[in-house]
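The values are calculated or read from the model by the stated rules, or taken from the named source; none is laboratory data. Bear in mind the structure is a predicted one, so any value in this text is a computation, not a measurement. Here the Cβ positions follow ideal geometry from the backbone for every residue, glycine too, while neighbour counts run over all protein chains shown. For accessibility, only protein heavy atoms count, side chains too; no ligands or nucleic acids. Shrake-Rupley method; radii C 1.70, N 1.55, O 1.52, S 1.80 Å.
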Amino acid sequence: MSDGLPMPRRLLAIGAVSCGSALIMIDGSVANVALPTIARDLHVDSASIVSIVTIYQLILVMLLLPFAALGERLGLKRMYQIGQMVFTVATILCFFAKSLPFLLIVRAAQAIGAAAALSVSSALIRSVYPKAQLGRGLAVNTVVVTSANALAPTLGGLVLAVAPWPWVFASAVPFAIGSLLLGRALPRAEPRETPFDVLGAVMCAAMFGLVIGGAETGIHGDSPVVSGAIVAVGVAIGVFFVRRERKEANPILPIDLLARPVLALSVLSSYTAFVASMMLLISFPFRMQQEFHMTPAEVGAVLAPWPLTNIFVAPMAGYLSDRVPAGVLGGIGMTIAVTALCLLAFLPPDATYIDIVWRMMLCGAGFGLFLPPNARLIVGSAPSHRAAAAGSLVSTVRQVGQTTGATLVAMLLAFGVGAGRMPPLVAAGLGVIAGLCSVARLRPSIRNPKPLETADVEAHQP
């Protein structure tokens, strides 16, 4: 297999993956700004309408790993484009939604399409770029994801100002069309004649769905007994599922990859970092409005420096990750992020806009320096035939980490400490764990495992 795609085909392929990443991120958060309008038009209460966001996120987490296994069997390009087409068709159906149940079905279909595309996107990036440039390729994707997340609320507000709410969902369709048109340049990986583990896929989806769904119902005030029972069933299925996966040659839950210390540490550090970042991003608006009496527009202005800084730092981190060990970059990045989180926790009572902004920029720089090298290590250190599994692991960890962070903030808010210093302090503690895991990868026994552990893994991965 050749080392990446030749130019200019590589640029077209990068455009296809970038458009696909943008549409998934935009569609995941663009609906937030339209929730009050949708609730009014469909005549439902505010608590119920939030389900159109949570169902999208939940299905995404449930299906990423099973779809990665299916993508390895069907072919990465085919799986990616099937996901784009499903998403586009589901979005068109939004215009026919006259009730909440139908809209929930449509959102579930959108999430299925997004999961199919996202599950193989990192593996496609690995096949597009030469090995020596994988870090910068993943960094470009990180910039696209960060920019799309930052753009989504503004885009949703602009669309809502001139058109009915279904057009908010349709705002991501041009990215889907662009990805499909440019997708001809994507490398065509041959399907592999391996059986698809249907029972394993169902158990994987059930494990994530029951554990996360049960925790969410408990946080939102439903019966703690029922919520606990749902989580317990999910954990029981998970225990049986993990034991079963250990016997599989190509498990849906990539236990074979997690058995390698360098990948296990990378996944753990990634999870704690995403939990930490989400805790701050969700809790900070509450604090700014309650403690510093800011308007929603002012809150948006003080949050914006985070993704804007990330846009500049992530490409540099990706470039460096092709040359500098991920443990070094991750350790430096988390040191910066933890320092910034502590500074945000202890903001002075008379903090000015500038006082908050430079701290947010520092935080964005820390996470921007940490995440691309970490993703590069996970994706680049996996065997070539397990690239899709490694890529979906990165995406699943991100989604589960962000969901965990949101759940922790909801718990802290319920206890009355979620709008103060507690969330950034907890996030700083998680950042310390992420940094320690990152630095631990520098140990020679972890960074350079035995040959038998890395049968066909690319050599000299940083």
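Assorted remarks:
- Counting only helices (runs of 4 or more DSSP H) wholly contained in the range 284-376, the ones carrying 2 or more residues that are closer than 27 Å to S266 by Cβ and either among the polar types (S, T, N, Q) or not assigned by the TED database to the domain that holds V397 (or both) occupy 305-321, 326-345.
- Pair list, Cβ < 7 Å and 6+ apart or interchain, from the range 384-396 residues that are in the same structural domain as L118 (by the TED database) to residues that are of a type in the set (S, T, N, Q) and crowded, with 24+ Cβ neighbours inside 10 Å: none
- Yes/no for I52 being β-branched (V, I, T), assigned to a helix (DSSP H, G or I) and touching a residue at least 40 places away in the same chain (Cβ under 8 Å): yes
- Qualifying positions in the range 59-91 - open to solvent by 10 Å² or more (accessible area, probe 1.4 Å) and either assigned by the TED database to the domain that holds V394 or within 16 Å of V30 (Cα to Cα) (or both): T88
- Here I125, I105 are screened, and the one residue that is of a type in the set (V, I, T) and open to solvent by 50 Å² or more (accessible area, probe 1.4 Å) is I105.
- Pick from the range 336-378, criterion of a type in the set (S, T, N, Q) and over 22 Å from the mean Cα position of the chain (by Cα), ranking: farthest from G435 (Cα to Cα): T352
- All of (1) within 17 Å of A365 (Cα to Cα); (2) open to solvent by 40 Å² or more (accessible area, probe 1.4 Å) hold for W306 with one exception: (2).
- Counted residues, the range 212-255 - those being assigned to a helix (DSSP H, G or I), crowded, with 19+ Cβ neighbours inside 10 Å and in contact (Cβ under 8 Å) with a residue 60 or more places away in the chain: 4
- Residues satisfying the stated conditions in the range 396-447, i.e. more than 19 Å from I378 (Cα to Cα), open to solvent by 70 Å² or more (accessible area, probe 1.4 Å) and either under 20 Å from the mean Cα position of the chain (by Cα) or not hydrophobic (A, V, I, L, M, F, W, C) (or both): R421
- Checked against the criterion of being at pLDDT 85 or above and open to solvent by 70 Å² or more (accessible area, probe 1.4 Å), the candidates L268, L263, L280 yield just one match: L268.
- Selection count, the range 291-319, where residues are of a type outside the set (S, T, Y) and more than 22 Å from the chain's Cα centre (by Cα): 10
- Here the condition is being touching a residue at least 60 places away in the same chain (Cβ under 8 Å) and farther than 19 Å from S119 by Cβ; of V173, V162, it holds for V173 alone.
- Test: residue in the range 332-342 that is touching a residue at least 60 places away in the same chain (Cβ under 8 Å), open to solvent by 10 Å² or more (accessible area, probe 1.4 Å) and in contact with a Gly (Cβ under 9 Å, 6 or more places away or on another chain): yes
- For the range 167-188, a residue qualifies if it is open to solvent by 30 Å² or more (accessible area, probe 1.4 Å), part of a helix (DSSP H, G or I) and farther than 30 Å from L320 by Cβ, and the qualifying residues are W167, P174, I177, L180, L181, R184.
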